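Taking it in order: structure first as C-alpha cells, then the write-up.
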Amino acid sequence: MSIQSIHFSWQVFESLEQVPANLQPLIIQAREQTKISYAPYSHFHVGAVALLNNGEIIKGTNQENASYPIGICAERTLLSAAATVFPEVGIKVMAISYFNHRPNERSDTPISPCGMCRQAMFEFEERTSTPIQILLTGQSGQIYLINRAADLLPLAFSGAVLKD
Ligand code: THU
C-alpha cells in the first residue's frame, strides 16, 4: 500500500487592480458578459471570455431552457464557439464570472466551474496542447488564477485511453 497525493496551488488576488494588467480586460469583459446570459430559471448569470492563441477573443454565456437538462454552461458555450470559429486554436486564458440575481444573494466570491465544464476544458487543453489559464471571479472581491484546466480535475478521464 502507498499513499499518493496531488498538490495544487493557485494565485489569489484581492482585487482587480492586483491582477496583471494584460489580464484585467478579460475579467472586466467576463463580468460584463453576465448581463447577456439567458438564465430565467436559475437567475445565476454566467459569462466567460477567452483569449485565443491567435489573439482572437471568444465569449460565452449560460443558456438555459424550460427543459432544464438542455441548459448549457457559459464555459462549454465558449468552448464550442471557439472550436467552431477557430478549429484547433488553443485558448491562452479564460475568465469566468457570474451575477447571482436571486434575492439576498451576493456575487463577490470567485465562481467554481462545474465538473462537466472541468472535463470539457481539460479535453480542449489536451486537443490543442495548450494549457488554459483560468481566471475565476464574481462581480467584485477576490480573483483566482489557475494555471491550467488539468489542475481543476485531478485523475482526469482522458480520451487517450480510447485511442487505438
Ligand atoms: N453555470 C455556468 O454557466 N457555469 C458554471 O461554472 C456554473 C454554473 C450555470 C449553469 C446554470 O445555467 C446556472 O449556472 C445555475 O447552475
Checklist entry - What residue, of 93, 89, 46, is at pLDDT 95 or above, within 8 Å of the ligand (Cβ to nearest atom) and closer than 22 Å to residue 27 by Cβ? => result 46
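Could you say whether any residue in region 32-39 is β-branched (Val, Ile, Thr), more than 24 Å from residue 143 (Cβ to Cβ) and at pLDDT 95 or above? So that I can check it myself, show each step before the final result.
Just the residues of region 32-39 that are β-branched (Val, Ile, Thr), to begin with: 34, 36.
After this cut, where a residue has to be more than 24 Å from residue 143 (Cβ to Cβ) as well, the list is none.
Within region 32-39, not a single residue is β-branched (Val, Ile, Thr), more than 24 Å from residue 143 (Cβ to Cβ) and at pLDDT 95 or above.
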Item to check | Residues that are open to solvent by 20 Å² or more (accessible area, probe 1.4 Å) and of a type in the set (Gly, Ala, Ser), drawn from region 108-157 | outcome: 112, 115, 120, 129, 140, 141, 150, 156
Next on the checklist: Within region 25-36, take every residue that is farther than 16 Å from residue 76 by Cα and in contact (Cβ under 8 Å) with a residue 40 or more places away in the chain and give me the one that is most open to solvent (accessible area, probe 1.4 Å).
Outcome noted: 35
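Out of the residues in region 23-43 that are over 12 Å from the mean Cα position of the chain (by Cα) and among the β-branched types (Val, Ile, Thr), state the one that is farthest from the ligand (Cβ to nearest atom). Steps first, answer last, please.
Within region 23-43, the first condition is being over 12 Å from the mean Cα position of the chain (by Cα), and the residues that meet it are 23-25, 28-29, 31-43.
Those still in the list that are among the β-branched types (Val, Ile, Thr) too: 28, 34, 36.
Values: 28: 19, 34: 10, 36: 13 Å.
Among them, the one singled out is 28.
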Item to check | Subset of region 116-164 [within 13 Å of the ligand (Cβ to nearest atom) and without any contact (Cβ under 8 Å) to a residue 12 or more places away in the chain] | outcome: none
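Going by the structure shown, is residue 82 in a helix (DSSP H, G or I), in contact with a Lys or Arg (Cβ under 7 Å, 6 or more places away or on another chain) and more than 10 Å from the ligand (Cβ to nearest atom)? Spell out how you get there, then give the answer.
On the way: in a helix (DSSP H, G or I): yes; in contact with a Lys or Arg (Cβ under 7 Å, 6 or more places away or on another chain): no; more than 10 Å from the ligand (Cβ to nearest atom): yes.
No, not satisfied.
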Checklist entry - Are there any pairs, at least 6 apart or on different chains, whose C-beta atoms fall under 9 Å, with the first in region 37-58 and of a type in the set (D, E, K, R) and the second surrounded by fewer than 20 Cβ atoms within 10 Å (Cβ to Cβ) and not in a strand (DSSP E or B), and if so, which? => result 56/85; 56/86; 56/89
Next on the checklist: Checking residue 58 against (1) out of contact with any Pro (no Cβ under 7 Å at 6 or more places or on another chain); (2) at pLDDT 95 or above; (3) open to solvent by 50 Å² or more (accessible area, probe 1.4 Å), only one condition comes out false. Which one?
Outcome noted: (3)
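The values are calculated or read from the model by the stated rules, or taken from the named source; none is laboratory data. No experiment lies behind these values; they were computed from the predicted model shown. Cβ atoms come from the backbone with ideal geometry, glycine included; neighbour counts cover every protein chain shown. The protein model used for the area step is the full one, side chains on, heavy atoms only, and it has no ligands, DNA or RNA in it. Shrake-Rupley method; radii C 1.70, N 1.55, O 1.52, S 1.80 Å.
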